[in-house]
Amino acid sequence: MIRLTNLADYGVVLMCEIAGSDNLISAQDLSTSTNIPLPTVSKILNALGRGGLLVSHRGLKGGFALARISDEISVADIIEAIDGPIALTHCSEPEDIDCTYVDICAMRPKWQVINGAVRGALSDVKLTSLIVPVSGDEIAARFEARALKAAGN
């Protein structure tokens, strides 16, 4: 199973909240609206700012805003700002790794192709598509389609 870290997951949640707001939004307001603890929100916001995805505005009416429009920010951008480069295995990373098979492994160069495909798919998912409201009917239709597929229809 491939899983995001909790911080990357929370980063996507926070970015959706910020993208859906018409005004600057504070770390405290984000913590309240998402139920993510304030220290965790602050840590994630700092990483997203360093990653060039957010800008912060100081002052009484300060807060955070997207650094680019939501259609120019992908899920891959968010994950990489929090967790670093997207890689499914340690051996696909360019730096030295602690593996006794690295010199004879035929799969190592092929993982770059796989990583590229995963990163490409995540790059295609833009923040805009995550903040578009989904109706209850659409959710019900998705569950029904999933149930039909599971039943083999």
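Bear in mind these aren't lab numbers, they're just calculated from the coordinates by the rules spelled out. Small disclaimer: the values here were computed from a predicted structure and weren't measured. Cβ placement follows ideal geometry from the backbone for every residue including glycine, while neighbour counts extend to all protein chains displayed.
Ordering R119, R3 from the fewest to the most neighbouring beta carbons within 10 Å gives R3, R119.
As a proxy for reagent exposure, ranking M107, M15 by other Cβ atoms within 10 Å from fewest up yields M107, M15. Looking at segment 1-101, the GluC sites (Glu not before Pro) that sit in a DSSP loop and have at most 10 other Cβ atoms within 10 Å of their own Cβ are E95. Label-to-label distance for H90 and V113 is 2.5 nm, based on points extended 7 Å past Cα in the beta-carbon direction. In plain terms, the residue of Y10, Y101 with the fewest other Cβ atoms within 10 Å comes first and the most crowded comes last, giving Y101, Y10.
Where Lys and Arg each count +1 and Asp and Glu each count -1, what net charge lies around T34 among other residues with Cβ under 14 Å from its Cβ? So the environment of T34 carries a net charge of -2. The 3J(HN,Hα) values that the Karplus relation (6.51, -1.76, 1.60; θ = phi - 60°) gives for segment 79-90 are, in residue order, 4, 5, 5, 8, 9, x, x, 6, 8, 7, 10, 5 Hz. Gly and Pro appear as x. With the cut-off at under 20 Å, measuring from each backbone N in segment 59-76 to a point 7 Å along the Cα-to-Cβ line of Q28 picks out 59-65.
Could you point to the residue in L130, L7, M107 farthest towards the positive end of segment 6-150's charge dipole, with +1 and -1 charges on the Cβ of Lys/Arg and Asp/Glu respectively? Sorting the options by dipole projection puts first L130.
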